[in-house]
Amino acid sequence: MLKVQGLHKHYRTQGEDLHVLKGIDLKIEAGELVSLFGVSGAGKSTLLHILGGLDSPGQGQVLLEGVNIFKIKEGKRAQLRSRKIGFVFQFYHLLPEFTALENVMLPALIAGFKTKEARKKALTLLLQVGLDKRSLHHPSELSGGEQQRVAIARALINRPAILFCDEPTGNLDSDTGAKICELLLKLNRQEYYTMMIATHAEEIAKISSRRMLIRDGKIIK
């Protein structure tokens, strides 16, 4: 599903060169739920953003289903992100003026689905994440856990090849975070979504099929 070779990333800040990723190699098979552990500053978010095509590496390649995503033009890469990659962040990034249903529909509409089809897909996903009765509520009317469920449904509406989650429970209390973990595990096991989750949470480690440890910009375990 995903193959990464020789990935490096540098940032230049205040005259200093920061070597954030230092030769990352990894593979993720279809259907895996992989957790990525590391302290703040280890490179977790940077790695996920590059794997998802949101940022570019200084060196190395990322192959998604055999396609080197940094060897194609930005327009094609945007289409690939829309169709093949889902993202869930610590902060939900829902559009406040839209309902839960409209937030979930939006990526499908951008991808070219007709409104009726996008609505049907969104309602099915909201049912899967347990929010079918809250579909017409706005983000301000939802709890943090409910907003994260909406964000997960939104990330899945185009049936991506892989879902990247960056600290998906980091903004939630422990009970709500545990429920989000249960939901991700259910989606992985029952719907066969491939996932990579950057996290500090031990409860995510327990549900992962494989764990990776990143330290000082390198995968060491």
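The values are calculated or read from the model by the stated rules, or taken from the named source; none is laboratory data. Keep in mind the model is a prediction, meaning the values are calculated, not measured. Here the Cβ positions follow ideal geometry from the backbone for every residue, glycine too, while neighbour counts run over all protein chains shown. We work out accessible area using only protein heavy atoms, side chains counted, and drop any ligands, DNA or RNA first. Shrake-Rupley method; radii C 1.70, N 1.55, O 1.52, S 1.80 Å.
Filter the range 184-197 down to the residues that are open to solvent by less than 10 Å² (accessible area, probe 1.4 Å) and either in contact with a Pro (Cβ under 6 Å, 6 or more places away or on another chain) or modelled with pLDDT under 90 (or both) and list them by number. The answer is Leu184, Leu187. When Leu136, Leu156 are checked against the criterion of being touching a residue at least 12 places away in the same chain (Cβ under 8 Å), in contact with a helix residue (DSSP H, G or I) (Cβ under 9 Å, 6 or more places away or on another chain), surrounded by 14 or more Cβ atoms within 10 Å (Cβ to Cβ) and not acidic (Asp, Glu), Leu156 stands alone in meeting it.
Mind listing just one residue for me: the one in the range 42-69 that is hydrophobic (A, V, I, L, M, F, W, C) and open to solvent by 50 Å² or more (accessible area, probe 1.4 Å) and, of those, nearest to the chain's Cα centre (by Cα)? By that ranking, first place goes to Leu54. Identify the residue in the range 11-35 that is open to solvent by 70 Å² or more (accessible area, probe 1.4 Å), free of Cβ contacts under 8 Å to residues at least 12 places away in the same chain and assigned to a strand (DSSP E or B) and, among all such residues, is farthest from Ile207 (Cα to Cα). So the residue we want is Glu16. Within the range 147-179, being in contact with a strand residue (DSSP E or B) (Cβ under 9 Å, 6 or more places away or on another chain) and among the aliphatic types (A, V, I, L, M) holds for Ala151, Ile152, Ala155, Leu156, Ile157, Ala161, Ile162, Leu163.
When Val39 is tested against the conditions (1) in a helix (DSSP H, G or I); (2) of a type outside the set (S, T, N, Q); (3) open to solvent by 40 Å² or more (accessible area, probe 1.4 Å), the lone failure is (1).
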